[in-house]
1. Answer with yes or no whether R80 is open to solvent by 60 Å² or more (accessible area, probe 1.4 Å), within 24 Å of L44 (Cα to Cα) and modelled with pLDDT under 95.
2. Within segment 56-77, identify whether any single residue is touching a Pro at 6+ places or on another chain (Cβ under 7 Å), open to solvent by 30 Å² or more (accessible area, probe 1.4 Å), part of a loop (DSSP other than H, G, I, E, B) and not β-branched (V, I, T), and answer yes or no.
3. If you go through segment 25-55 one residue at a time, how many are of a type in the set (D, E), loosely packed, with under 14 Cβ neighbours inside 10 Å and not in a helix (DSSP H, G or I)?
4. If L154 satisfies every condition in (1) closer than 26 Å to A11 by Cβ; (2) out of contact with any helix residue (DSSP H, G or I) (no Cβ under 6 Å at 6 or more places or on another chain); (3) of a type outside the set (S, T, N, Q) but one, which is the exception?
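The values are calculated or read from the model by the stated rules, or taken from the named source; none is laboratory data. For clarity, every value in this text was computed on a predicted model and none was experimentally measured. Here Cβ is always computed from backbone atoms with ideal geometry, including for glycine, and neighbour counts include all displayed protein chains. Please note that ligands, DNA and RNA were not included when accessible areas were found on the heavy atoms of the full protein model with its side chains. Shrake-Rupley method; radii C 1.70, N 1.55, O 1.52, S 1.80 Å.
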Amino acid sequence: MAEAEGVHPIAEFAMTTVASYRLITLHDQDNDAGVGSAEAIDQLETAISASTGYELFIGCVQDLFPVTVRVLVRDDEPGRSAGKPRLSLECPTGRLVLGSPTGEVADFELATGPGEYDVAVTHHGRDEARRVLREALESTEPDALEQLGRHAGLEGYTISLWYRGPVEDE
């Protein structure tokens, strides 16, 4: 599910990290109360990504070697793919935190500022990462698990965000 050729984002942020608990999260620095998190995480049983509206969750296939995550801030909506849900993310400050629970996190400023954003998540390498992990777990080689680090970035995700409008006052 690679990003379409010719896409020119307004801004891009990327990180490579081990997905603690097989989760990658993205939220505004002011949205950290966890409202609806359990329900969103439950959705990852059948979906790759889910959102509470305040926090985006991505379910990774493994947590033993690093995954790559790219965030693209766009000025256009990416083409719709059949079965690909559009999610939403409230960003009252425009400063986002990307990372995983109990793992590495990084923050960055949205080039388009605070607001309500629509979100789409694409991915690559999930099946291959699953295969590599299975082979390592079934291996009789004593250092098979230690060698998994060489597969850093095999599994990856692209989070596309585009501005929908100002944050609604409640």
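1. Values: open to solvent by 60 Å² or more (accessible area, probe 1.4 Å): yes; within 24 Å of L44 (Cα to Cα): yes; modelled with pLDDT under 95: yes.
So R80 passes the test.
2. Checked against the condition, which is being touching a Pro at 6+ places or on another chain (Cβ under 7 Å), open to solvent by 30 Å² or more (accessible area, probe 1.4 Å), part of a loop (DSSP other than H, G, I, E, B) and not β-branched (V, I, T), segment 56-77 yields no hits at all.
3. Total satisfying the criteria: 2.
4. (2)
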